[in-house]
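Comments concern the structure below.
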Amino acid sequence: VDNFAGDVIIKADPMAEATVVEVRRMSTMGLGRWQESREELDDVKWTATLEPREGGGDTLQVRASAENPEPHFFRARVLVITPALDRVSVRTTQGDVTVLENQGPVDIETTRGDVRMLTPWPMTQPIKIITSQGSIDYRVRGESKGAFDAASHGGEVRQRCEYGHWRALAAENDHD
């Protein structure tokens, strides 16, 4: 998902029969510009395509943009529900990112938003989560292992290891 601004929610639901993509366009122009903001919602464009993946299968790519002289007043809330979820890559600004029940590597970047990544599966592939002015909630099974890179500028990254142990933590890490 490549979103110019807004929340992104991606979740696996084994009961789903097909992948569903829902994009909700929003405007934050405020008092006195409501009618104008309603008329300009068409300036928020989005596409969802299936691209062939190396090794077989397809990759869903969702892109949202604002073709408006004042794009900072617009957001696109992206929701993806799929029967199974492997590799996840998300880029957005000014929005929260939630990823539920994925089974593969994760690469998430956002600004002014929190990130929640929760899965009942052991994570054994690289994880990269970056946010500024937001916090990171990362929950995985105890059998998980590998490189986890989580950074927050102006937010929190809390770690608690109930099973196993941390092999290394960067010396510059503190309560922030």
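Protein heavy-atom surface of the chain, 1.4 angstrom probe: 49% of the accessible area is carbon and sulfur, with nucleic acids and ligands not counted.
Amide hydrogen proximity for THR98: with H placed 1.01 Å from N in the peptide plane, the residues at 5 or more positions away or on another chain lying under 5 Å are VAL8, ILE9, ILE10, ARG116. Calculated mean residue ellipticity at 222 nm for the chain: -1000 deg cm²/dmol, from DSSP H runs with n ≥ 4 weighted as -39500 (n - 2.57), summed, divided by the residue count and rounded to 500.
Per the Kirkwood formula applied to alpha carbons, the chain shows a radius of gyration over Rh ratio, Rg over Rh, of 1.01.
Under 5 Å between amide hydrogens, built in the peptide plane, is the criterion, and for ALA150 it picks out ILE129 among residues at least 5 positions away or on other chains. With θ taken as phi - 60° and the Karplus curve 6.51 cos²θ - 1.76 cosθ + 1.60 applied, the whole-hertz 3J(HN,Hα) list for the range 81-98 is 10, 9, x, 9, 9, 10, 6, 10, 9, 9, 10, 7, 10, 6, x, 7, 10, 10 Hz, x standing for glycine and proline. A DSSP coil position with no more than 10 other Cβ atoms inside 10 Å describes the following GluC sites (Glu not before Pro) in the range 1-63: GLU17, GLU54. Excluding the site residues themselves, the longest part of the chain lacking any chymotrypsin sites (Phe, Trp or Tyr not before Pro) in a DSSP loop with at most 11 other Cβ atoms within 10 Å is 1-162. Collect residues whose amide H, placed 1.01 Å from N in the peptide plane, falls under 5 Å from the amide H of VAL90; neighbours closer than 5 in sequence don't count. Answer set, sorted by chain and number: ASP107, ILE108, GLU109.
With θ taken as phi - 60° and the Karplus curve 6.51 cos²θ - 1.76 cosθ + 1.60 applied, the whole-hertz 3J(HN,Hα) list for the range 46-58 is 8, 9, 9, 10, 9, 10, x, 9, 4, x, x, x, 10 Hz, x standing for glycine and proline. A 1.4 Å probe run over the chain, with the rest of the protein chains in place, finds 62 Å² accessible per residue. Magnitude of the charge dipole for the range 1-149, about its Cα centre and with charges confined to Cβ atoms of Lys, Arg (+1) and Asp, Glu (-1), is about 340 debye.
The values are calculated or read from the model by the stated rules, or taken from the named source; none is laboratory data. All of these numbers come straight from a predicted model, not from anything done at the bench. Counting neighbours? That spans all protein chains shown, and the Cβs are built from the backbone with ideal geometry, glycine included. What goes into the accessible areas is simple: the full protein's heavy atoms, side chains included, and nothing from ligands, DNA or RNA. Shrake-Rupley method; radii C 1.70, N 1.55, O 1.52, S 1.80 Å.
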